[in-house]
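Scroll down for the structure; my scribbles are underneath it.
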Amino acid sequence: MSKWVYSFGGGRAEGRADMKNLLGGKGANLAEMANLGIPVPPGFTIPTEVCTYYYANGNAYPAELTEQVTEALVRVEEIMDAKFGDAANPLLVSVRSGARASMPGMMDTILNLGLNDVSVEGLAKRSGDARFAYDSYRRFIQMYSDVVLGVEHHHFEDILEEAKSDRDITLDTELTADDWKKVVGKYKDKVLAELGTPFPQDVHDQLWGAVGAVFGSWMNQRAITYRRLHDIPEIWGTAVNVQAMVFGNMGDDCCTGVCFTRDPSNGDNDFYGEFLVNAQGEDVVAGIRTPQQLTKHGRELQHSDLPSMEEVMPEVFRELNAIRHKLEAHYKDMQDMEFTVQQKRLWMLQTRTGKRTTNAALKIAVDMAREGLITRKEAIGRIDPAALDQLLHPTLDPKAARDLLARGLPASPGAASGKVVFSAEDAEIWVKDKKEQVILVRIETSPEDIGGMHVSEGILTTRGGMTSHAAVVARGMGTPCVAGCGEIRVDYAAKTLKVAGRVVREGEIITIDGGTGEVFAGAVPTIQPELTGDFATLMEWVDTIRTLKVRANAETPVDAATARKFGAEGIGLCRTEHMFFDPERILVVREMILAETEKGRRAALAKLLPFQRQDFVDLFNIMQGLPVTIRLLDPPLHEFLPHTDAEIAEVAQAAGVEASVVAARNASLHESNPMLGHRGCRLGITYPEIYEMQARAIFEAAVQVSRETGRTVTPEIMIPLVGAKKELDLMKAAIDKVAGEVFAEASYQLKYMVGTMIELPRAALLAGQIAESAEFFSFGTNDLTQTTFGMSRDDSGPFLEVYRAKGIYEHDPFAQLDQQGVGELVKIASERGRAARPGLKLGICGEHGGDPSSIAFCQSVGLDYVSCSPYRVPIARLAAAQAALGDSKGSGMH
Ligand code: PEP
Ligand code: MG
């Protein structure tokens, strides 16, 4: 016979903490507490398997369930010395859901079950408190009717309000037993009127109704939405916990409360909690009365006039404090507990791992490792890498009021406020001339906006996804960014943005939270990050564990310095095109692109060489001998082309040709699909002189820095968007030639490497051939995702939302590596590459290099390093350590 019911209470239990999948979190922990000898009201858990059965069999239960429930109920009656439905000494129970993962408030709960017109009298007599009994009964009718019978809450609220106004009072507590009796009568009349059948008096009917409602609530809309948001599979189902009621509302020697074994907001090892005297659990949650602090220390901190439990119920407090220590030592983690005291007797109703702020999580993990409660490895496993973001950027003050305007993609974390401007140019003017702080609002951004993006406090775009230009650049700069905020309409001409009937004009202040994607009207105060000692300590531990190296994507001296500060072990991607948008240079770059002849291009390139050389000198100096991978020019040319007549005239003048010539050439370079057009090494193939100039700048800089510092620089030169070995061969030959020339001119030799990005499916498949020439691979998973999915990284945001909602793709593949498709290509390329060239150095430099689940994948395929934006370096270090420990759980740890 299958086991469908697991009992607990009376000092023992049939379940255990490690049976969460079957018993749900609540049920498993109640069983564990019972086994530990902690006072838990007896009860039983109907496991998740029954939920699965229920849905697989047209809402029917397994045949043996009724009998097993009846037996379990008898055990509860014996322990409690009371009888379910009894006229003299009734047992009351609570019926609660309890899924594997906590889903707070998402499913239904029923308290005080077992009361009817007869047993309520028994309860009144046994407790000596008729008022309490009838109050409990009316609470039960209200909850049960709402949850199980579908008679809405407000009907009962109306009756209660009427009762109070009849008696001319405002507080529930002022109602007498007789008042409650009348209310109960009216409640029952209401149920009869609404349903045509009376409120169920048979306690077993009540119980089965409640059990069915809890299983039913697994499929309510709230729960479905919550599961989708938290990646909880539907198939898990919920368990149902039926447990003897204990009462915190039987008088002034009763109370109920919640507590944490440590302070969940800062992680201090202080007992932290609140309680309400003479109250039931939902009163605490409802926040009707101000709760009292558990400890004297807590009361002092809160400047509360209300006495603490430590002061008014010292014995119970001592017992609770002992349980706190016992549970924390047992679970080896901070616990969040619920308790009730009935006539001075303490009962524990729940324990679970407590939620905490990231700061608290760090402190608790480091402290517990120092206390010897957990190992350092366990401490590392306790921190969600993604949550570290909170510590590296300013965040919104949680206490501050906010006025939400819209929600977009959380493209680059951090919170910022500023005056709205609608062009990169205006951003620069407002910041430099008017000394204002601005938020740059664009439909989308392009490389020429870089200057304005740099000076802005935050960036908001209405189009584009997680790897759109705005998102990538903002993350690199550590600037908060909300991207793809489709609800907002931007009118550049009118300099306004409109959303939900509201208009925000240029110069008005907004706040964005790039960690949540929210946009607020007005200024919301922020809190600055503090990299505390615990952060540094954990990072030290992390570095002793991980095997993956962590580099950064950086090109400016500021970014490179930030990367080093956060512990980057090199630069995995220097995007040289980002160096070309400086106002001093863009004109020369345009001249070069628009030149009709090689000679014209070479003339312009000669002007760029000194700038480019200095860029690399700076970079090599900052990186002090750490590896630096420099990618030669990559982006579609149109990004550099002039847009306005004035810009065309400027280029024409610099090049000494007619504006019409430049305009014609400009038009001829137009492409309908630039991302798949004349970009990457295709530029080098058609205009080798561009890559030659860049190679020369790299080698000359490397020679200079090696000479000046005595520390030899070993540049790694990377060719983008390779799809054929021959492309790489041609480019490598050109680079080798330049190297020979520079070394001869300087009478100085140094080592260098030439490798390739793997960004196209063809390159991944032909990696064996390509590795014959390439000395390293770096997976450009932004383009590899774009080309594997055939989905534009700049335009996919809006429809990907729909795809995710429909469950076609679970995650945004531009944020979290698609292991099945793109990952398979990465694997194939790694294997084929290393088969052709043993020991081939492998890295990743797409945005996925900073995403924890993608990092775990990189570890599993044997990459040597990940490279990510500077601000993600600590996240990547932690994620890499977790991956090395093999305990990464995908997108987060808890
Ligand atoms: C990539 O494609 O993953 C990459 C790193 O290059 P970019 O984002 O500059 O195209
Ligand atoms: Mg790319």
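Only the coordinates and a few stated rules stand behind these numbers; no lab work does. Please read all numbers here as calculations on a predicted model, not as lab measurements. So basically every Cβ, Gly included, is an ideal-geometry build from the backbone, and we count neighbours across all protein chains shown.
Of note:
- Gain in span if fully extended, GLU78 to ASN220, counting 0.36 nm per residue against the direct Cα distance: 47.6 nm
- Each of THR290, THR556, THR714, THR787 has some number of other Cβ atoms within 10 Å of its Cβ, and from fewest to most they run THR290, THR714, THR556, THR787.
- ASP582/SER668 FRET efficiency (R0 25 Å; Cβ-Cβ; nearest 0.05): 0.45
- Relative protection proxy for 413-424, 452-463, 802-813, from highest mean packing down: 452-463, 413-424, 802-813 (other beta-carbon atoms within 10 angstrom).
- Each residue, ALA193 and ALA746, gets one label point 7 Å from its Cα in the Cβ direction; the gap between the two is 9.2 nm.
- Gain in span if fully extended, ASP231 to MET675, counting 0.36 nm per residue against the direct Cα distance: 156.6 nm
- Too-long pairs where the Cα-Cα distance tops 18 Å, listed order kept, from LYS125/LYS344; LYS726/LYS827; LYS164/LYS186; LYS83/LYS181: LYS125/LYS344; LYS726/LYS827; LYS83/LYS181
- For a label point 7 Å along the Cα-to-beta-carbon line of ARG762, residues of the stretch 629-646 with backbone N under 20 Å: 632-637
- Cross-link table LYS296/LYS363; LYS26/LYS326; LYS599/LYS725, entries beyond 21 Å C-alpha to C-alpha: LYS296/LYS363; LYS599/LYS725
- Over all other residues within a Cβ to Cβ distance under 11 Å of GLU555, the charged ones net out to -2, with Lys and Arg as +1 and Asp and Glu as -1.
- In order along the stretch 632-647, phi translates into HN-Hα couplings of 6, 3, 10, x, x, 4, 4, 5, 9, 6, x, 10, 9, 4, 4, 5 Hz, rounded to whole numbers, per the Karplus curve 6.51 cos²θ - 1.76 cosθ + 1.60 with θ = phi - 60° and x for Gly and Pro.
- Given R0 = 35 Å, the distance between the Cβ atoms of LYS737 and ALA649 translates into a calculated FRET efficiency of 0.40.
- Put simply, when 230-237, 752-759 are sorted by average Cβ atoms within 10 angstrom per residue, most first, you get 752-759, 230-237.
- Label zone at THR686 (point 7 Å along Cα-to-Cβ), backbone N below 17 Å, the stretch 603-637: 633-637
- Ordering of 173-184, 195-206, 3-14 by burial proxy (mean other Cβ atoms within 10 Å per residue, highest first): 3-14, 173-184, 195-206
- Theoretical FRET efficiency, 1/(1+(r/R0)^6), r = Cβ-Cβ of GLU371 and LEU404, R0 51 Å, to 0.05: 0.75
- Listed residues VAL183, PHE814, THR516: farthest to the positive end of the dipole of the chain (Cβ charges): PHE814
- Computed [θ] at 222 nm, helices only, for the chain once each DSSP H run of length n ≥ 4 contributes -39500 (n - 2.57): -14000 deg cm²/dmol
- Sorted by Cβ neighbour density within 10 Å, fewest at the top, the residues VAL366, VAL40: VAL366, VAL40
- Close amide H contacts of VAL240 (hydrogens built in the peptide plane, cut-off under 5 Å, sequence separation of 5 or more or a different chain): ILE46.
- Qualifying aspartates and glutamates (Cα of each under 12 Å from Cα of LYS806; at least 8 residues distant if same chain): none
- Extension gain from LYS435 to GLN624, taking 0.36 nm per residue of separation minus the Cα-Cα distance: 64.5 nm
- Residues ASP634, ASP513, ASP397, ASP336, ranked from the fewest to the most other C-beta atoms within 10 Å, line up as ASP397, ASP336, ASP634, ASP513.
- Farthest toward the positive end of the dipole of the chain, out of GLN614, GLY465, PHE275, is the Cα of GLN614, where the dipole comes from beta carbon charges about the Cα centre.
- Annotation for THR547 and HIS297: the two label points, set 7 Å from Cα along the Cα-Cβ direction, are 4.3 nm apart.
- With both labels modelled 7 Å from their Cα along Cα-to-Cβ, the ASP168 to ALA536 distance reads 6.9 nm.
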